[in-house]
Amino acid sequence: MPTSIPRFDLYTGDCRQILTNIEDESIHMVLTDPPYFLDGLDNRWKKGHAIPRNSGTVGGLPVGMKFDPEQGRKLQEFLTPVCENLLRVLVPGGFMLMFSSPRLYHRMALSAEETGFEIRDQYVWRFTKSAQFKAFSMDHFVAQNSELSANEQDSMLQNLAGRKTPQLRPQFESILCAQKPRHGTFVDNWSKYRTGLIDPRQSLDGNSPSTVMHVEKSEKQSFNKHLTPKPVQLCEHLIRLFTMKGQIVLDPFVGSGTTCIAAYAAERACLGIDINDEYVQIAKRRLAELDRKIVID
């Protein structure tokens, strides 16, 4: 448990508006998992009907989760003004780490780079459990083709030989590592802002920190309705790697509050924003269950 209780500020609303109220150069690190067409977002990034849930499973996919090359362009368009504000509020040398679906990583990187961030690296969060094979069989589509006779359908299925859509079982997510340009040398920037350098003593497995981070997905509390919470262990590792005790971590898409939980464990303060008030209330409950003395605004 931390020796001192850091401060946590949690806001409900659109981060594109709320970020404009945060002071310039007041944040030491951004750690976030932007929405990429999950949780009822449509192709215009508008909140639609909630995803049907049945015993914790997705009962139906919203339009935005279906493959469409336009999604990447819309994602970049959505993130660009967010990145502009994140660049402004970070202190020089501060890092921005964003989780991403692998096929959308390049769009996140473009949004960051075009607004002035330096792309420093790409990390991999590797997991093996709860990785659903999402490829679709062609059997149903062949069977629904009324222009084919039964024999022709059988022949086509034999030719397909069980082939499915090009989706392998996922076992990793990408993490974008971007940095706000430093003032002067690494040493100059560190001396003034205490940012821009990593702490190589931090390790997940006893070895020096690497770009591949193997952490399994964790169990959620029964009240946590968020679909894609990240492991606290992983987020805490990243926070310890890129910041110092007492510094401020920002998550503009805080979801159910994993970044805040990790910041608490690492004795950092955290500012979280989410457009979904249900998630913000879950984040507050998770923090309260850690320590009733936590100050939450």
Lys245 versus Leu168: modelled label distance in nm, points set 7 Å from Cα along the beta carbon direction
4.3
To the nearest 10 Å², what's Lys164's accessible area with a 1.4 Å probe?
100
Using each residue's phi in the stretch 249-259, evaluate 6.51 cos²θ - 1.76 cosθ + 1.60 at θ = phi - 60° and report the 3J(HN,Hα) Karplus result to the nearest Hz, with x for Gly and Pro.
10, 10, 10, x, 10, 6, x, 8, x, 4, 4
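Working out 0.36 nm times the residue gap between Leu197 and Ser137, then minus their Cα-Cα distance, what length gain in nm do you get to one decimal?
In short, 16.8 nm is gained.
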Point-to-point label distance, Glu23-Glu77, nm (Cα→Cβ direction, 7 Å offset):
3.6
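The values are calculated or read from the model by the stated rules, or taken from the named source; none is laboratory data. Everything numeric here is computed off the predicted structure, so don't read it as measured data. Please note: Cβ atoms are built from the backbone with ideal geometry, for glycine as well, and neighbour counts cover all protein chains shown. These area figures cover heavy atoms from the full protein model, side chains too; ligands, DNA and RNA do not enter into them. Shrake-Rupley method; radii C 1.70, N 1.55, O 1.52, S 1.80 Å.
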